[in-house]
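Below is one structure, written out as structure tokens, with a few remarks after it.
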Amino acid sequence: MRNKVVAEHACRKYSDRVGRSAAGKSLDETVVRLALIAHLRHTETGYDELLFKGWERENARSAAVIEVAEAVDRWATAPERPCSPA
């Protein structure tokens, strides 16, 4: 399931990602939401492409904010289903 993929990525050992913090380990709602937003920013928006073009991180985040919000809305309303095979 996609939520498992996001959680595993956020909690990867030695990654310094949000899921490795004490709050992340306790499944704090804010930390889980931040991990989801980061995942969606990288997988469902043009954010990474902007970074590769040399945009500053904050400018790229600002440019992707609407796409991220739309992706969060889709995620929140999507029925749970298994991931498709890679």
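Laboratory data are not the source of any read-out in this text; all were calculated from the coordinates shown. Just so you know, these numbers come straight off a predicted model, no measurement behind them. Note: ideal-geometry Cβ built from the backbone for every residue, glycine included; neighbour counts use all protein chains shown.
Here are the numbers for this structure:
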item: Enumeration of residues in region 59-82 that are assigned to a helix (DSSP H, G or I) and farther than 19 Å from Arg33 by Cα; result: Asn59, Ala60, Ala63
item: Selection count where residues are over 14 Å from Asp73 (Cα atoms) and within 8 Å of the chain's Cα centre (by Cα), scope region 40-53; result: 2
item: Pairs, first free of Cβ contacts under 8 Å to residues at least 24 places away in the same chain and loosely packed, with under 12 Cβ neighbours inside 10 Å in region 53-81, second assigned to a helix (DSSP H, G or I) and of a type in the set (D, E, K, R), C-beta under 6 Å, six or more apart; result: none
